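Have a look at the structure below, then the notes.
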Amino acid sequence: MAVSHPIFARVFARASVAMDRAGAAAHRRRLVAGLRGRVVEVGAGNGRNLSHYPSTVAGVLAVEPEPRLRAALRAAARDAPVPVTVAAGLAEALPVADASADAVVLSLVLCSVPDQAVALREARRVLRPGGQLRFYEHVVAETPGLRRAQRVADATLWPLCCAGCHTARDTVAAIRAAGFTVVELDRFRFPPTGVPGPASPHVLGTAVRP
């Protein structure tokens, strides 16, 4: 299945740089800190995570369906501190053998997959028992007022303008429902200043496949 969002890809390329300058780079470092072995990064975008992988990682398979983002991902892979292989593919059908990955990384992708449950089952499939799911996502708000704003955004223009992104998904609950055990979880607002927007509630955490 082809996935093409040319306008969003161009906007995201610029926005991701600005986000990193505003503090997202620190979140990316935390996301992959301490990883080892073989890693699958799902929806790797334009590769902003790649420079943060530690030398203990033997290799990263970076999967990205959008062709313009995938081209930028290949360019980023050339300068990565660890070996990176770039592949086309969907979160719902990863080109990876069963139980072959030591870790799966999900970064700002579960908001836009058509079916979170299917994508998370696929992540569980490719992880070895005891393997880690690392996630960095924007999620449903904890406050009623912002949750209402998220529902309005999701029912109107937000998904159309942001390549299928939804702001009100309870991603942590979905991770648990997929059979993972969440062992670390940090909730925060990003950006940390200004008026909270629909996509401002974030989580960063680690789950384990039993």
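For this structure, a couple of remarks:
- Answer residue from the stretch 61-76, given it is hydrophobic (A, V, I, L, M, F, W, C) and open to solvent by 20 Å² or more (accessible area, probe 1.4 Å) and is farthest from Pro6 (Cα to Cα) among those: Leu61
- Residue in the stretch 159-172 that is of a type in the set (A, V, I, L, M), touching a residue at least 24 places away in the same chain (Cβ under 8 Å) and at positive phi present: yes
- Just one of (1) surrounded by fewer than 19 Cβ atoms within 10 Å (Cβ to Cβ); (2) of a type in the set (D, E, K, R); (3) closer than 28 Å to Ala101 by Cα; (4) touching a Pro at 6+ places or on another chain (Cβ under 7 Å) fails for Glu184. It is (4).
- Residue that is least open to solvent (accessible area, probe 1.4 Å), among those in the stretch 79-133 that are farther than 25 Å from Pro159 by Cα and of a type in the set (Ser, Thr, Tyr): Ser100
- One residue stands out in the stretch 187-210 among those that are surrounded by fewer than 18 Cβ atoms within 10 Å (Cβ to Cβ) and among the charged types (D, E, K, R): the one that is nearest to Arg128 (Cα to Cα), namely Arg187.
- Scan the stretch 92-112 for residues that are under 26 Å from Asp170 (Cα atoms) and out of contact with any Leu (no Cβ under 8 Å at 6 or more places or on another chain) and the total you get is 7.
- Members of the stretch 22-60 found to be open to solvent by 30 Å² or more (accessible area, probe 1.4 Å) and farther than 18 Å from Leu204 by Cβ, listed by number: Arg36, Arg38, Ser55, Thr56, Ala58
The values are calculated or read from the model by the stated rules, or taken from the named source; none is laboratory data. The structure presented is a predicted model; accordingly, all values stated were derived computationally and were not measured. Glycine also receives a Cβ, built like all others from the backbone with ideal geometry; neighbour counts cover every protein chain displayed. Just so you know, the surface numbers come from the protein's heavy atoms only, side chains and all, with ligands and any DNA or RNA stripped out. Shrake-Rupley method; radii C 1.70, N 1.55, O 1.52, S 1.80 Å.
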